[in-house]
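Here is the structure we will look at.
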Amino acid sequence: QVQLVESGGGLVQPGGSLRLSCAASASIFHIYSLGWYRQAPGKQRELVASITNGGTTNYADSVKARFTISRDNGKNTVYLQMNSLKPEDTAKYFCNADPPGNRSWGQGTQVTVSS
């Protein structure tokens, strides 16, 4: 059974930083590319960053140069370092395979950027 547990969200002022973590079950972590997604109220879920098994990364234009995705293969964990946060980054953030297919989603972690 695929398990994804996201953590690290919170309330932060514009310009601040947060580091998200996602603990994934081995069945997904070692087989697939992994991605961080976000969904803001009233909007569709979007992929913001992904990382392959080999460490190649890709980013949405909206977060490029501000967000960094990484993975710790020993801990089955993927991270998202978010710097220079903007109010428009406010969303619930999820991790999953890239692409997610029909896999279930975790509960996500809320990121709110506000002064």
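Computed quantities for the displayed model
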quantity	calculated
Structure-based [θ]222 nm, the chain - -39500 (n - 2.57) summed over DSSP H runs of at least 4, per residue, nearest 500	-500 deg cm²/dmol
Derived scalar couplings ³J(HN,Hα) [the range 21-27; Karplus, 6.51 cos²θ - 1.76 cosθ + 1.60; whole Hz; x for Gly, Pro]	10, 9, 8, 10, 5, 4, 4
Net lengthening on full extension, R45/T112 (0.36 nm per residue, minus Cα-Cα)	22.5 nm
Vicinal HN-Hα couplings computed from phi for the range 95-109 (Karplus, 6.51 cos²θ - 1.76 cosθ + 1.60; Hz; Gly/Pro x)	10, 5, 5, 10, x, x, x, 9, 5, 6, 10, x, 7, x, 9
Rounded percent of accessible protein surface that carbon and sulfur make up, the chain, 1.4 Å probe	47
Segment Q3-A26, extension gain: residue separation times 0.36 nm, minus the distance between their alpha carbons	7.4 nm
Average accessible area per residue (Å²) across the chain - probe 1.4 Å, nucleic acids and ligands excluded	52
Theoretical gain in end-to-end length, R19 to Q81 [0.36 nm per residue, Cα-Cα removed]	21.9 nm
All aspartates and glutamates inside 17 Å of K64 as judged from Cα atoms, apart from same-chain residues fewer than 8 positions distant	E46, E88, D89
Residues with amide H under 5 Å from that of D98, placed H, sequence gap 5 or more	S33, L34, G35
Gyration tensor verdict on the chain (Cα atoms; rounded if a/c is under 1.5, prolate if a/b is larger than b/c, oblate otherwise)	prolate
Karplus-derived 3J(HN,Hα), 6.51/-1.76/1.60, for each residue of the range 51-65, Hz, glycine and proline x	9, 7, 4, x, x, 6, 10, 9, 9, 5, 4, 5, 10, 4, 6
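The values are calculated or read from the model by the stated rules, or taken from the named source; none is laboratory data. Computed from a predicted model, the values in this text were never measured in an experiment. SASA here: full protein model, heavy atoms, side chains in, ligands and nucleic acids out. Shrake-Rupley method; radii C 1.70, N 1.55, O 1.52, S 1.80 Å.
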